Amino acid sequence: MNRRRTPVAPEAAWRLATGIGRITLLSVVIFWWGAYVLPHLFSLAFPELLPPWNTTLGRLNASNEGTIANTVSAATLASVTLLVAATAVSTHRRSAGWMAVGGWAVMALTTAALAFEELAEFKKDGPVSVVGHSERLGLPWPVLASPLVVAFVLAMWVFIRKGLDSRESRRPLTLGIACWVLALLHEAIDPWVFYGRARAVEFVLEETLEFSGTLLIGVTAAIVLRGGLPPPYDLFGSHGRRSIVGSVAALVLLGGLAIALLFRPPLVEALAPYTRAGAFGVSLQQHEALVQEVRMPATPVHSVRLRLANCDLTGPSGTVAVRFTTLDAPDRILARGSIEIPAGDCPRWRDIELLPPLTVAEGRQLALQVAIDIESGADMQIGATKGNRYPDGRLSINGALAWPDQDLEFIAYGPPQPSRSKLSAIWVLAKSGWRWPLLAADVFASLALITFIPLRLITAAVLGPDGPTSRKSET
């Protein structure tokens, strides 16, 4: 009886491939979470330190076509496609069964289609772009692709149960597909849940969930590609369970601090729909003003958010001043604030702090006056909406009543610092409808995933196997 060594691949080639794979995985994880996720979340929390419209952030935004992050996402999808295709060929050569071969073949076709669609977004008017077709039909593209998504999920469920032998490969693949599905749900519910400032969070969460799912699928393919060798570092063993507990605990702590110290509960939201249907701009010149009637909310108002524009690059800068007065005494100023808008500043949301905060009896009808101070002959635009987005008050432009369905597009915010009034505003917000509890649960679950996954991927890249472990067989 003879014993012989049967390696799956030459040892030197395997060591080289493993080293390149680990370095690549570590690099893309550090880039994505370090250059894309963290800066955008920091900008959302501290816009005064890192403005959301910062040029560098725009170049790193994965949602913008042609950016560095968008290119990395497309390249990662293409690389994972090749890795999954190699896994399908390898399982066929090892005669692993039609279920395994078919499952990896379906996954290879799916990743290839997604990679092509990522590239096709550069040409949304092209005949093969799903995004382009959905936009022409006026539907979110996940809705248009939902039959294919359901079929894919069912096929993967059967494949994971019947075509994969080890839990070390089942767990990351299951979580990767779950991340993809959650990213699609984000895009599908975006118009109804993630509007206003929440859209900035949605972009980061959706893109990162999609990217995380792609990486997990690639890691799973690498595990299976090892063939009959012992499994590598288990992403979801006992250390993985401790990591998810630690991620959730850290998220609860940081999230609690963010809500207590940074979150400003919106007290009034008069925004145009996600599609911006009905949004328009009111042009005001020197000393012109508009007045929006406002019903006082239950919590003091600390700031007002307006959509302002001073797009003329060669024109002068201007000042937008807001003040709250009573309807019967327009000269009695209850709270005021102002902000300077430089030349070339195209439509952008601006927060205007009120001094002192507006504190009057709940339900009282007030006037929100918005006035312009700019050089003679120049003008500035203030965002407004059609569709009666704020039914509690009428809009007047330069002393003349606007149409009954027209309103100023604005948000009134409560206090950022911890206080009883802030807790009361958050409680009223949570009871105001299904959107806010759903938004909170979705953001928490998504942040937990995009915190846990990079920790496990970095650990796998650093502590993964150095090379193949040969097995012995008797012949």
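Just so you know, all these numbers are worked out from the coordinates, no wet-lab data involved. Being a predicted model, the structure only gives us computed values, none of them experimental. Positions of Cβ are generated from backbone atoms using ideal geometry, with glycine treated the same way; all protein chains shown enter the neighbour counts.
Is the shape of the range 332-373 best called rounded, prolate or oblate, per the rule: a/c under 1.5 gives rounded, else a/b larger than b/c gives prolate, else oblate, with a ≥ b ≥ c the square roots of the Cα gyration tensor eigenvalues? Taking the square roots of the gyration eigenvalues as a ≥ b ≥ c, the range 332-373 is prolate. Each part reduced to its alpha carbon centroid, the range 388-462 and the range 204-228 end up 32 Å apart. Qualifying trypsin sites (Lys or Arg not before Pro) in the range 339-423, where qualification requires a DSSP coil assignment and no more than 12 other C-beta atoms within 10 Å, comprise ARG364.
For the range 338-421, a/c is not less than 1.5, where a ≥ b ≥ c are the root eigenvalues of the C-alpha gyration tensor, and a/b does not top b/c. That puts it in the oblate class. For labels at ASP405 and THR459 in the simple 7 Å Cα→Cβ model, what's the distance in nm? Each label point is offset 7 Å from its Cα along the Cβ direction, giving 5.6 nm.
Under the combined filter of DSSP loop state and at most 15 neighbouring Cβ atoms within 10 Å, the range 412-441 retains these chymotrypsin sites (Phe, Trp or Tyr not before Pro): TRP434.
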